[in-house]
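Beneath this line is the structure, given in structure tokens, with notes to follow.
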Amino acid sequence: MSGAKRRKGAVLVTGASRGIGRGIAVELATAGHSVVINYRSNETAAQETIERCRAAAHQARESDPALDEEPRFVAVQADIASAEDRHRLVEESFTAFGSISALINNAGIAPRLRLDITEATPESFFEVIETNLAGPYFLTQAVVRRWLEIGTAAEVRDAKQVVFVTSVSAETASPSRGEYAVAKAGLAMASKLWAARLATENVQVIEIRPGIMETDMTSAVKETYDDLIAGGLVPQKRWGYPEDVARICRAVVDGDFGFSTGSVIHADGGFHLSIL
């Protein structure tokens, strides 16, 4: 109907207090989506993300009156490595919005120390695995179970999306941070598994694979990567930025890749290309 408001669902974004997660949250706000902003410990940063989302949504509504007038933004503290926290995150997200339309599995950590795999510790390995692989795997399970329950009760299920933000490290060996590479490789397979399981459930699953991104995680090695990028490691010869991933997330959540479940979308400036 002409002049009708376009209602958009709420999206849960993990690790949304800074970096790529914040970029995703703000981009979704611009598109008129409500957002659950998950954070592990930095409440101040999460509140800053909320303010940026509100400003972006307000500006977007001024330029496009057909957008939903009242997207909402809620911050929920939860460590996705914790089963108890994952349960609470899902409960609070569904309580706040009734349901969510998409899950963006973005949260992740780097090893506390970059150590050669001959020296890396089991403690570091399992810390990274719990957050970067087990966390999103079982958070997805918890969200999907709620979706299936709601769909069964209503005898109808609106299209949903799950996004796994992985890394070029899923296929690129880095012996100085083996635990990170193993976790991201596992997450890439998790995306395939969930895509296969949910293909007939009207739930689309997409993997987004960022390359060398300018975030807090890479700040300590920025000069090293500046030189490598300038030397051609990245064909497009620039760093990736949160908005490069965020725009892809927005398109996926808005249904622009509706027949592409199980796909891997690279956001790496051509890093994945084999060039002779």
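Taken together, the values in this text are just the output of simple stated rules run on the coordinates, not laboratory data. Because the structure is predicted, anything quoted here is derived from the model rather than measured. Cβ placement follows ideal geometry from the backbone for every residue including glycine, while neighbour counts extend to all protein chains displayed.
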Discussion item. Here is the link list: Lys8/Lys184; Lys8/Lys222; Lys160/Lys192. Which ones come out longer than 27 Å on Cα distance?
Written reply: Lys8/Lys184; Lys8/Lys222
Discussion item. List residues of the range 43-83, by number, whose backbone nitrogen lies under 15 Å from a label position 7 Å along Cα→C-beta of Thr95.
Written reply: 74-78
Worksheet item: When the Cα centres of the range 91-144 and the range 208-240 are compared, how far apart do they sit, in Å?
Response: 23
Practice prompt. Before rounding to the nearest 500, sum -39500 (n - 2.57) across all DSSP H runs of length at least 4 in the chain and divide by the residue total; then give [θ] at 222 nm in deg cm²/dmol.
Written response: -14000 deg cm²/dmol
Practice prompt. For each of Glu223, Glu43, count neighbouring Cβ atoms within 10 Å of the residue's Cβ, then give the residues from fewest to most.
Written response: Glu223, Glu43
Practice prompt. Between Arg18, Arg61, Arg209, find the one with the highest GNM mean-square fluctuation for the chain; connect C-alpha pairs within less than 10 Å.
Written response: Arg61
Worksheet item: For Leu113 and Leu233, what does the FRET efficiency come to when R0 = 22 Å and r is the distance between their Cβ atoms, rounded to the nearest 0.05?
Response: 0.40
Fill in: Charge sum, other residues only, whose C-beta stays under 11 Å from Phe125's C-beta, Lys/Arg counted +1 and Asp/Glu -1
-3
Fill in: Residue order, fewest to most surrounding Cβ atoms within 10 angstrom, among Cys53, Cys249
Cys53, Cys249
Item to complete: Check the straight Cα-Cα distances from Lys237 and name the aspartates and glutamates below 12 Å, setting aside those fewer than 8 residues away within the same chain.
Response: Asp226, Asp227, Asp268
Item to complete: Sort 100-112, 192-204 for me by packing, meaning the mean count of neighbouring Cβ atoms within 10 Å per residue, highest on top.
Response: 100-112, 192-204
Practice prompt. Name the residue, out of Tyr137, Tyr225, Tyr180, whose mean-square fluctuation peaks in a Gaussian network model built on the chain with Cα pairs under 10 Å.
Written response: Tyr225
Worksheet item: Which of Asp227, Asp158 comes first, and how do the rest follow, when ranked by fewest Cβ neighbours within 10 Å?
Response: Asp227, Asp158
Fill in: Nearest-0.05 FRET efficiency for Ile150 and His266, computed from C-beta distance (R0 35 Å)
0.60
Discussion item. With angles folded into 0 to 90 degrees, how steeply does helix 83-97 sit against the dominant principal axis of the chain? Use alpha carbons for both and round to 10.
Written reply: 30
Practice prompt. Amide H neighbours of Gly240 under 5 Å, at least 5 residues apart or on other chains, H built in the peptide plane: list them.
Written response: Ile212, Met213, Glu214
